[in-house]
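Contents: one structure, followed by commentary.
The values are calculated or read from the model by the stated rules, or taken from the named source; none is laboratory data. Keep in mind the model is a prediction, meaning the values are calculated, not measured. A quick note on method: Cβ atoms are made from the backbone with ideal geometry, for glycine too, and the neighbour counts reach across all protein chains shown. When the accessible area is computed, the model is the full protein with side chains, heavy atoms only, and any ligands, DNA or RNA have been set aside. Shrake-Rupley method; radii C 1.70, N 1.55, O 1.52, S 1.80 Å.
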Amino acid sequence: MKYVAIVLPTRGLVFTELEDAIEKSRAVFTYHNEEIHIQVFRSKDLPIPESHNYLTRAALATDPDYIWFVEEDTVPPPNALYDLINADADIAFIDYAINGWACAAKYKDGEVLWCGLGCTLVKASVFKKLKKPYFRTDKSLSLNEDTYFQWLDVPNKYGGQDIWFFSQCREAGFMIEQVKGE
């Protein structure tokens, strides 16, 4: 049996459609005739990135095979979890729209540099190779063509925890795979 921990960081804004999508995933779910156990981890009133770090630690303590990050303003497609597991990647994501544009992923030379965490499945084993904290918002990435990228200190910043996380994953040798869908 596989075990998927669903990490649902929330500020109390969880939309009904997201809850419905998770409940449909929670129903008897099989993958190649193997039952998948699902457990949802929620936070409330924790700011970013503390909610992501707290929930990831809680999920990892239960020894999952995968952690599926689903953000509260994202409604995964009906077969999202199956498609993400079927990708058989260390990190797989389904892109999502921001203000009507599918733009959560950043590519360079055909490789995914980072993506949003809105609908991302990560093998739990990935976290064993990463330093804590897994998610940070006190760093910002400055891109330029000469140095590729440079981290800047930005105290009290909101967001960017996904860019930090995926940059650390790539530095540890993990590739990020996009799964079709939105």
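Okay, here's what the table says:
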read-out: Wholly enclosed strands (runs of 3 or more DSSP E) of region 35-138 bearing at least 3 residues within 25 Å of Gly181 (Cα to Cα) and open to solvent by 20 Å² or more (accessible area, probe 1.4 Å); value: 106-108
read-out: Evaluation of Asn99 against (1) at pLDDT 80 or above; (2) on the phi > 0 side of the Ramachandran plot (one fails), failing number; value: (1)
read-out: Qualifying position, being modelled with pLDDT of 95 or more and of a type in the set (Gly, Ala, Ser), among Ala89, Ala27; value: Ala89
read-out: Region 119-149, residues that are at pLDDT 80 or above and either in contact with a strand residue (DSSP E or B) (Cβ under 7 Å, 6 or more places away or on another chain) or of a type in the set (Ser, Thr, Tyr) (or both); value: Cys119, Thr120, Leu121, Val122, Lys123, Ala124, Ser125, Val126, Tyr134
read-out: Every pair of residues 6+ apart whose Cβ atoms lie under 6 Å, when the first sits in region 160-182 and is of a type in the set (Phe, Trp, Tyr) while the second is part of a helix (DSSP H, G or I); value: Phe174/Val126
